[in-house]
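Inspection log for the structure reproduced underneath, given as structure tokens.
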Amino acid sequence: MPISDAVTALDRELREMFGDRLRSVVAYAVTDRAPNTPQPMLVIVEALTPADLRDCAAHVAHWQDAGLATPLFLETAEFPRSLDVFPFEFGAIIADHVLVSGDNPFEGLQIDMADLRRACEVQARSHLLHLREGYIETQGRSDALAALIARSSGPLSALLSSVARLKGTRFAAGVLGEVASLNGKELSSEAARRLFPEYLSAVEHLTNEIDRWGRV
């Protein structure tokens, strides 16, 4: 991928700010990114101080105006130690990035499948618990239930993407696919009443499936 002028300018400014402490500048989500969305950046530095953060805060509006997302700053030792905590997020960076300058921070690193499964189960169980809690908070109102289902569409889509990366298969058929495809669109009260029991059951089934993957 050709490095944009904005990324080149960011790299130059970071070198002026951090000097020898700057280890790596990485652009990620370079191929799997929606058009006209900010370019995500990962910056690895030897150490971060409060003064560094204040300096970055003074530059961030300029970076955003240039079409860049607020950079993700990590200290040198943090990235490898964070792989087990954010395996999907950092795994996606490793899979789709361009090294702009400095050392390759990903050399010799790989994502543990056990960490992926655990993170996927956390997503699934969290989704299930939020659906149960959200249903109770609707107080039986169908319009509130419709809003709950619509809000859950984005997190469900993210969960299904995690499942697909973990197992190579997507639970997109049936009610899960129907809810995930809503993309936050409004749902009628009648449709919400019809969907929710099956939706909740499908999420329970998916959560139990992910849990069993860790016991095989």
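Of (1) under 30 Å from LEU160 (Cα atoms); (2) in contact with a helix residue (DSSP H, G or I) (Cβ under 9 Å, 6 or more places away or on another chain); (3) of a type outside the set (Phe, Trp, Tyr); (4) not in a loop (DSSP other than H, G, I, E, B), ASP55 satisfies all except one. Which?
(1)
So which residues in region 100-137 are outside any helix (DSSP H, G or I) and buried (at least 17 other Cβ atoms within 10 Å of the Cβ)?
Those that are outside any helix (DSSP H, G or I) and buried (at least 17 other Cβ atoms within 10 Å of the Cβ): VAL100, GLY102, PRO105, PHE106, ILE111.
Can you tell me which residue in region 158-180 is nearest to PRO87 (Cα to Cα), limited to those that are at pLDDT 90 or above and of a type outside the set (A, V, I, L, M, F, W, C)?
The qualifying residue nearest to PRO87 (Cα to Cα) is GLY177.
Condition first: closer than 30 Å to ILE44 by Cα and out of contact with any helix residue (DSSP H, G or I) (no Cβ under 9 Å at 6 or more places or on another chain). Can you find one or more residues in region 123-131 that meet it?
No, there is no match, as no residue in region 123-131 is closer than 30 Å to ILE44 by Cα and out of contact with any helix residue (DSSP H, G or I) (no Cβ under 9 Å at 6 or more places or on another chain).
Among the residues of region 1-31, which ones are among the basic types (Lys, Arg) and surrounded by 13 or more Cβ atoms within 10 Å (Cβ to Cβ)?
Once the filter is applied, which keeps residues that are among the basic types (Lys, Arg) and surrounded by 13 or more Cβ atoms within 10 Å (Cβ to Cβ), region 1-31 yields ARG15, ARG21, ARG23.
Test ASP103 against the criterion of being over 18 Å from the mean Cα position of the chain (by Cα) and closer than 30 Å to ASP20 by Cβ, and give yes or no.
Details: over 18 Å from the mean Cα position of the chain (by Cα): yes; closer than 30 Å to ASP20 by Cβ: yes.
In short, yes.
Among residues belonging to region 56-79 that are touching a Phe, Trp or Tyr at 6+ places or on another chain (Cβ under 9 Å) and without any contact (Cβ under 8 Å) to a residue 60 or more places away in the chain, point out the one that is surrounded by the most Cβ atoms within 10 Å (Cβ to Cβ).
The qualifying residue surrounded by the most Cβ atoms within 10 Å (Cβ to Cβ) is PHE79.
With respect to ASP96, is the statement that it is surrounded by 14 or more Cβ atoms within 10 Å (Cβ to Cβ), among the charged types (D, E, K, R) and under 30 Å from ILE3 (Cα atoms) true?
In short, yes.
The values are calculated or read from the model by the stated rules, or taken from the named source; none is laboratory data. Please read these numbers as outputs of a predicted model, since none were measured by experiment. Neighbour counts are summed over all protein chains in view; Cβ atoms, including those assigned to glycine, are modelled from backbone coordinates with ideal geometry.
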